[in-house]
Structure formats: structure tokens, C-alpha cells
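Have a look at the structure below, then the notes.
The values are calculated or read from the model by the stated rules, or taken from the named source; none is laboratory data. The model shown is predicted, which means the values in this text are computed figures rather than measured ones. Positions of Cβ are generated from backbone atoms using ideal geometry, with glycine treated the same way; all protein chains shown enter the neighbour counts. Ligands, DNA and RNA are excluded from the accessible area calculation, which covers all protein heavy atoms including side chains. Shrake-Rupley method; radii C 1.70, N 1.55, O 1.52, S 1.80 Å.
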Amino acid sequence: MDLSQPLDPLAKTALWTASMRAREHRRADRLFSDPLAEAFAGDEGPRIMSQFEGHVQSGVEDPALAVRTRFLDDQLLRLDADGVRQFVFVAVGMDSRAFRLEWSPGVLVYELDRPALLSFKEDLVRDLHAPATAVRVPLGVDLLGDWTEPLLAAGFDPQQPTCWLVEGLLYFLEPRERDVLLRQLTDLSAAKSRLLADYVGQAILDSPGMAAWRERMADQGHPWKSGSDRPEELFAPLGWEVHVSAYGDPDADYGRWSDAAVAPGLSGTRGRYLVIADKQ
Ligand SMILES: C[S@@+](CC[C@H](N)C(=O)[O-])C[C@H]1O[C@@H](n2cnc3c(N)ncnc32)[C@H](O)[C@@H]1O
């Protein structure tokens with residue numbers, strides 16, 4: 001049975017990122033462990049992964065996913081240690097952090113994504129008998145529609161500090177859609193909330209080295225639609241205090257980025273970003 005059948009093209013990119021985590025998990029020098037990733041990626045994930053990496057440069061692994069996963073893992077666990085108990089994984093896809101990280105008792109993780117993706121994930125979770133390590137609340141929503149009411153109805157407490165994880169999503173949104181989403185997140189964020197995200201630079205997105213790759217992404221039904229060369233400027237006007245790391249910066253390298261040679265437009269250390277934003 002092809003379980004990935006009901007997934008739309010954009011949802012299928014979640015199988016691709018799961019496949020990259022599965023590959024990282026198999027490395028002796030892995031930056032994190034993700035025992036569920038292979039099952040979460042299914043047969044479709046490795047197929048999409050090879051299609052896109054092969055298109056960029058044959059035989060070269062893009063280290064970005066491994067670096068971003070580890071960077072975000074470290075941030076999430078730091079927040080847990082600081083006492084944050086409410087986490088929202090926005091566009092969670094096949095992320096298995098609610099199963100693989102050691103959360104403190106009382107941590108609640110809301111997992112938001114399209115209903116079809118989440119029901120596909122729930123079937124797998126059930127078949128794998130995978131126990132969650134936090135209280136997990138999957139919530140099928142359209143992030144371009146009204147998702148805040150269902151989140152509140154599910155028990156989300158806007159008075160409590162929240163950690164928002166927005167990973168692997170922003171570049172799939174038009175600038176206006178991105179800005180609406182960030183405004184919605186902000187309106188639900190109490191003081192001492194933190195937002196974690198990854199993003200891409202607009203200049204690198206528009207560079208000739210990216211053109212063929214972007215075209216292929218669009219042909220497959222999941223185009224990258226936006227970026228920003230100054231991600232700070234997206235968050236700061238909403239009242240967030242922002243720290244932006246570029247991949248390859250000392251805090252976003254993990255010994256992997258120096259070897260990165262991914263594509264003409266992507267091999268530099270600037271151009272892809274990890275964002276930490278704090279609400280005072
Ligand atoms: C590249 S995957 C990233 C998944 C996960 N965060 C990760 O990093 O592996 C993109 C995810 O965004 C979700 N997504 C995109 N647009 C969405 C929307 N309008 N509403 C809900 N989910 C959406 C897709 O279903 C998919 O799971």
C-alpha cells in the first residue's frame with residue numbers, strides 16, 4: 001500500500017526532510033539520533049531526497065538539515081531546562097522530536113500541520129508503537145487559514161511563555177502569507193516566548209546558481225516563494241529581539257559546514273539562516 005498517496009506535494013517535502021534525518025542517524029559521527037526517521041520517510045522520502053540532491057550536485061550531501069536539526073534540538077532543550085512547558089511545532093511534518101528528545105515532565109507539544117499529513121503520521125505512530133516523550137497534541141489545520149482558534153480550543157494557553165518552532169516552512173510561503181503567520185504567532189505569544197525558525201536569503205534565492213533547483217521545486221509542486229537577506233527585519237517590528245545565525249557561523253557549524261560544497265549559490269556561509277527571536 002502506498003501510504004503517501006493522499007499527501008499533497010508540499011506535505012511530501014516532510015518525507016524528504018525525514019529521509020535526510022534518517023541518513024544523519026546512520027552516520028557514525030551523527031549530530032543527533034532519530035530512530036523513527038527512516039520509518040517516517042517511507043519509500044517516498046529517499047526518492048525525493050535523491051532527486052533533489054542529485055539535481056544540485058551528484059554525490060554531495062547537503063549538511064544544512066543536520067546542522068539545523070542539531071541547532072534547533074539544542075535550543076529546544078535549553079528552553080525546556082529554563083522551564084518552558086508549552087511548545088508549538090508549526091508545520092511539524094514528520095519531525096519526531098516529541099518522541100526522541102528527553103522532555104521534562106509536564107511538557108506539552110502541539111504539532112500543527114495539514115490534516116492529511118497528520119493522519120498519515122498518526123497511522124505510522126500507531127503501527128510503530130512509538131511512545132511520545134512529551135504530551136503530544138496533533139492538530140490538523142491550514143496555516144494559511146484560521147488555525148489560531150483550533151489551537152486555543154485544543155488547550156493552548158496564550159498567557160504562558162511559548163516556544164514556537166517554525167522549521168522548513170517560511171520559504172514555501174509568499175511574503176504576505178509569511179507576514180500574516182508571524183503576526184498570528186506574535187499575537188499568541190506571552191512575554192518570555194521564543195520563536196525558532198530557519199530561512200533563506202532572497203539574494204541567494206534569486207542567484208543564477210539556484211535557478212535550475214528552484215524550477216525543479218516548482219515543477220514538483222512545492223516552490224520556494226520567499227526569502228530575506230535581513231531576517232531580523234521580519235521579526236523586530238513585531239516586538240521580537242532577534243539573533244540570526246548563518247550556517248557556518250561558530251554556533252551553527254558543528255564541524256560540518258566547512259566541508260560544504262553544495263551548489264554555486266549555496267556553498268557560502270551567508271545565505272541560509274537560523275533565527276532565534278525572544279519576546280520581552
Ligand atoms: C519541508 S516540510 C517541513 C516539516 C518539518 N518541520 C521538518 O523540518 O522536517 C514542510 C511542511 O509544511 C507543511 N505545510 C505547508 N503549508 C502548510 C499549510 N498551509 N498548513 C499546514 N501545514 C503546511 C507541509 O504539510 C509539510 O509538512
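Sort through Glu167, Glu177 and tell me the only one that's surrounded by fewer than 19 Cβ atoms within 10 Å (Cβ to Cβ) and of a type in the set (Asp, Glu).
Details: Glu167 fails: surrounded by fewer than 19 Cβ atoms within 10 Å (Cβ to Cβ).
Only one candidate qualifies: Glu177.
Among the candidates Arg68, Arg30, Arg97, the residue that is within 15 Å of the chain's Cα centre (by Cα) and open to solvent by 10 Å² or more (accessible area, probe 1.4 Å) is uniquely Arg68. The set of residues in the range 121-142 that are surrounded by 13 or more Cβ atoms within 10 Å (Cβ to Cβ) and in a loop (DSSP other than H, G, I, E, B) comprises Ala130, Ala132, Thr133, Ala134, Val141. Taking the criterion of being within 16 Å of the ligand (Cβ to nearest atom), without any contact (Cβ under 8 Å) to a residue 60 or more places away in the chain and buried (at least 16 other Cβ atoms within 10 Å of the Cβ), the residues of the range 100-120 that qualify are Leu101, Val109, Tyr110, Glu111, Leu112, Leu118. Suppose we keep only residues that are among the polar types (S, T, N, Q) and in contact with a strand residue (DSSP E or B) (Cβ under 8 Å, 6 or more places away or on another chain) within the range 135-167. Which one would you say is nearest to the ligand (Cβ to nearest atom)? Ranking the candidates gives Thr162 first.
Each residue in the range 187-233 was checked for being touching a strand residue (DSSP E or B) at 6+ places or on another chain (Cβ under 8 Å) and among the hydrophobic types (A, V, I, L, M, F, W, C), and 9 pass. If the condition is being of a type outside the set (Lys, Arg) and within 10 Å of the ligand (Cβ to nearest atom), then the range 83-98 contributes Phe89, Val90, Ala91, Val92, Gly93, Met94, Asp95, Ser96.
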